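Below you'll find the structure, written out as structure tokens, and then a few comments.
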Amino acid sequence: MTWHNLHRRLAIGPDLARWWRDFAHTSASANPDATLHLSSSATVNAQFWLSYLPWRPTAGWAAVAAMLAAGLMARPTGWDWREIALLLLLVDPLWGSIWRLAAGRLEVLPLRGQAIQQRFWLPYLQPDSPAAQLLGWDAHNALPLLFRVALPAVLVAIAVALVLGPTAVWLTIVVTVVSALGWTGRHTFSYVPAALHTAVTISLPWLLTLTQLDVTPAHGAWAAHLTLVLLWSLHNWGEGRCLRVAGDRLGLGLMAAADLGMGLLFIVARMPFWLALVAVLWLPTWLTVYQRRAMGHLQFWWLLAMLISGLALGQVPSS
């Protein structure tokens, strides 16, 4: 064998590269979904992202306010932080993923076209049936959303709730029902009622946190805790109405009633310092109302007032 023939037999680099290029192209052409299948390694996929800045009243912050009200700063080492981590995971991202369905398919991360086009069969929900028209469902849009997104979100939330206890499970079911009502309300009124948003954002996370932290009716400050939850629920309800429609009278009335109620609560609890501090945080809201401006920039002040009020209640000794 001459040196020239040996060199030709060993110089297979270009031929090997060409062969690999042709093989990869053929494999992709034969199975166009191969890349999509290989991009997922999970049974239930999850993505976390920030829709808005976190400095606004949310379910996670409501849980933190409840912890402060239960005395987090007084005994920071007497808590089961693994339980708290699960609690925050449940009330904020998991309950939030269920509630987000109330806003419809456009507020959920888009499914692949193949998943949207897949038909699902359910009794009494055939296309153009009375039930499908009443609920605003159709086989091409709502049912894939129900099976591919809503059902996994509920099941994962219930799985985490089972670790926390029966109260968490029942409240997760309540969140699911409230989200379904929100879906129906959006189809009926063309918007999601702010009261339902408040239930998922403030009331239910706060109550679950108090329950998990063993703040029971035997606790001397139980009435004050329930009062603060009610007042911030009213305030958040008013916030939602005013954010949707500037100058909404019912919304302004709800916020005013909540502020006055918190003022009376601090007076009865003999906390003048905390009353003065929270009153300062209320000033930007009513100055904005007086100037007839939009309230979008006030959410940070509402959040800070909620956390300060929780911290103030946590300073009240139990009896």
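Key figures
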quantity	calculated
Given (1) surrounded by fewer than 17 Cβ atoms within 10 Å (Cβ to Cβ); (2) in contact with a helix residue (DSSP H, G or I) (Cβ under 9 Å, 6 or more places away or on another chain), index of the condition residue 288 fails	(1)
Some residue of region 207-217 being among the acidic types (Asp, Glu) and open to solvent by 30 Å² or more (accessible area, probe 1.4 Å)	yes
Any hit, region 173-183, residues being in a helix (DSSP H, G or I), open to solvent by 30 Å² or more (accessible area, probe 1.4 Å), in contact with a Pro (Cβ under 9 Å, 6 or more places away or on another chain) and aliphatic (A, V, I, L, M)	yes
Criterion violated by residue 194 - all others in (1) modelled with pLDDT under 95; (2) touching a helix residue (DSSP H, G or I) at 6+ places or on another chain (Cβ under 8 Å); (3) farther than 19 Å from residue 56 by Cα satisfied	(3)
Filter result for residue 256 (touching a helix residue (DSSP H, G or I) at 6+ places or on another chain (Cβ under 9 Å), touching a residue at least 24 places away in the same chain (Cβ under 8 Å) and in a helix (DSSP H, G or I))	no
Some residue of region 263-283 being of a type in the set (D, E, K, R) and in contact (Cβ under 8 Å) with a residue 24 or more places away in the chain	no
Filtered residues of region 227-251 (kept if open to solvent by 20 Å² or more (accessible area, probe 1.4 Å), closer than 27 Å to residue 312 by Cβ and either of a type in the set (Ser, Thr, Tyr) or not in a helix (DSSP H, G or I) (or both))	227
Pair list, Cβ < 7 Å and 6+ apart or interchain, from region 70-84 residues that are part of a loop (DSSP other than H, G, I, E, B) to residues that are of a type in the set (Val, Ile, Thr) and surrounded by 14 or more Cβ atoms within 10 Å (Cβ to Cβ)	70/215
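Yes/no per residue for (1) open to solvent by 70 Å² or more (accessible area, probe 1.4 Å); (2) closer than 30 Å to residue 198 by Cα; (3) at pLDDT below 55:
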site: 7; (1), (2), (3): yes, no, yes
site: 10; (1), (2), (3): yes, no, yes
site: 18; (1), (2), (3): yes, no, no
site: 32; (1), (2), (3): yes, no, yes
site: 54; (1), (2), (3): no, yes, no
site: 57; (1), (2), (3): no, yes, no
site: 60; (1), (2), (3): no, yes, no
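The values are calculated or read from the model by the stated rules, or taken from the named source; none is laboratory data. Worth saying up front: this structure is predicted, and the values here are computed from it rather than measured. As a convention, Cβ positions derive from the backbone with ideal geometry for all residues, glycine included, and neighbour counts pool all protein chains shown. Please note that ligands, DNA and RNA were not included when accessible areas were found on the heavy atoms of the full protein model with its side chains. Shrake-Rupley method; radii C 1.70, N 1.55, O 1.52, S 1.80 Å.
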